[in-house]
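Structure record follows, encoded as structure tokens.
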Amino acid sequence: MEIKEVRPNVFFVDAPGAGVNVYFLRTSKGIVLIDTTSSVEEMRAVMDLAGFRPADVHLLITTHADGDHVGGNSLFTGTSLAHQSVLARMGAFDRALNELPNETFDDPIKTITVGEFEIELIYTGGHKPDQTILWLPKQKVLIPSDLLFQGSYPFMVGCQLERWIEALESLHEYPAEVILPGHGTLSTWEDIDRLAQYFRDGINAARELKAMGLTMEDAGQDPAFPRVDGWEREGRIEANNGVFLQQTV
Ligand SMILES: [Zn+2]
């Protein structure tokens, strides 16, 4: 785990390998923390390295309800903000009350100001139905969260595939100079385009295999499905192929 200051007072907690990334801003009002890793212990380790305590956190933002993004939420007692679909999904997972967002928004885009920071929260869905991404217009920092897995096969189970592709394409609307993925390290537009292409290739392969009348079981292993040189976590390929087959008509 490494903490990188990618722009003044904008920090990226870069967790290598399988780890999940979190992000925080040092503002004149206190820390704005975005996601809390997979556990209380992991989140404590981030804070030790970063040099802040739970009481220093002015605002917690949750990008989506997957367990590896909300595991440390119970450490924080202040304002916890998320799209209302995050709250709904966390409720469905039986998350404890002190882990849930206590302030939600319903609009596709919510802009907030904290100290000198302007933060846009953009609800996209895609990776999961509650996915929200962040844009810091002054710093030109884009945080696609789990819309972007950099350097590894994405986790696709439970995704909305077509919406995910559209959301990745829409990222090009932001004149970002820094791109911070949910998994992986500092990213480029190429990383975004490669992931969108992986999805399109997977859909095309699924269409062809379905047209050939293959059963789901046979088709899931088929070499027609895309592979990407250099991507880690090949263990996800088969489950992803299943998603391509399920979500392709
Ligand atoms: Zn996720």
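The values are calculated or read from the model by the stated rules, or taken from the named source; none is laboratory data. It should be emphasised that the depicted structure is a prediction, and the values quoted were computed from it without experimental measurement. Ideal geometry is used to build each Cβ from the backbone, glycine not excepted, and the neighbour counts take in all protein chains shown. Accessible surface is based on the protein model in full, side chains and every heavy atom, while ligands, DNA and RNA are left aside. Shrake-Rupley method; radii C 1.70, N 1.55, O 1.52, S 1.80 Å.
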Measure nothing but the geometry: give the 0 to 90° angle between the long axis through the Cα atoms of 161-170 and the longest principal axis through the Cα atoms of the chain, rounded to 10°. 60 degrees
For the chain, how many pairs of lysine residues have a Cα-Cα distance under 24 Å, where the two are 8 or more positions apart or belong to different chains? 9
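Multiply the residue separation of residue 215 and residue 4 by 0.36 nm, subtract the distance between their alpha-carbon atoms, and state the gained length in nm to one decimal. Write out the running numbers ahead of the final one.
Details: separation 211, 0.36 × 211 = 75.96 nm, distance 4.69 nm.
Full-extension gain reported as 71.3 nm.
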Name the long-range amide H neighbours of residue 79: under 5 Å, sequence gap of 5 or more, or other chain; modelled H, no Pro or chain starts. 60
Explain nothing, just compute: Karplus ³J(HN,Hα) = 6.51 cos²θ - 1.76 cosθ + 1.60, θ = phi - 60°, for every residue of the stretch 90-99 in order, whole Hz, x for Gly and Pro. 5, x, 5, 7, 6, 5, 5, 4, 6, 9
Between the Cα axis of helix 189-211 and the main Cα principal axis of the chain, the angle (0 to 90°, nearest 10) is 30 degrees
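Just from its helices, what would the mean residue ellipticity at 222 nm be for the chain, if runs of 4 or more DSSP H residues each count -39500 (n - 2.57) and the sum is divided by every residue, rounded to the nearest 500 deg cm²/dmol? Show your work: numbers first, answer last.
Working: 7 runs with 73 residues, N = 249.
Mean residue ellipticity at 222 nm (helix-derived): -8500 deg cm²/dmol.
Just need the relative contact order of the chain here, percent rounded to a whole number, with Cα pairs under 8 Å and 6+ apart. Spell out each step's value before the answer.
On the way: 483 pairs, mean separation 34.7, N = 249.
Normalised by residue count, the contact order of the chain is 14 percent.
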Per residue accessible area of the chain, 1.4 Å probe, in Å²: 43 Å²
Run the paramagnetic zone check for residue 162: 7 angstrom along Cα to Cβ, then residues of the stretch 181-200 with backbone nitrogen under 20 Å. 196-200
Angle between the Cα long axis of helix 237-247 and the longest principal axis of the chain, 0 to 90 degrees, nearest 10? 80 degrees
Near the amide H of residue 232, under 5 Å away, which other amide H atoms are found, from residues 5 or more places off or on another chain, if H is placed in the peptide plane? 152, 153
Report the residue, chosen from 184, 125, 213, that carries the largest GNM mean-square fluctuation when the chain is represented by alpha-carbon nodes joined by springs under 10 Å. 213
At 1.4 Å probe size, put 217, 99, 234 in order of accessible surface, largest to smallest. 217, 234, 99
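Go through 64-71, 172-179, 6-13 and give me the packing order, highest mean Cβ count within 10 Å leading. Mind showing how you got there, number by number?
Values: 64-71: 23.1, 172-179: 14.6, 6-13: 18.4.
Ranking, from highest mean packing down: 64-71, 6-13, 172-179.
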To the nearest 0.05, how large is the calculated FRET efficiency for residue 102 and residue 194 if R₀ is 41 Å and r is the Cβ-Cβ distance? 0.60
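How would you rank 84-91, 235-242, 103-110, highest first, on the average number of other Cβ atoms within 10 Å across their residues? Mind showing how you got there, number by number?
On the way: 84-91: 18.8, 235-242: 16.4, 103-110: 13.0.
Per-residue mean Cβ counts within 10 Å order the peptides as 84-91, 235-242, 103-110.
Measure off, as a whole percent, the carbon and sulfur share of the 1.4 Å-probe accessible area of the stretch 198-247, all protein chains present. Before the final figure, lay out the partial values.
On the way: 1310 of 2980 Å².
So the carbon and sulfur contribution to the accessible surface is 44 percent.
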In whole angstrom, the spacing between the Cα centers of the stretch 171-249 and the stretch 73-98 equals 30 Å
5 Å is the cut-off here: which amide hydrogens, built 1.01 Å from N in the peptide plane, fall below it relative to residue 23, excluding neighbours closer than 5 in sequence? 13, 34
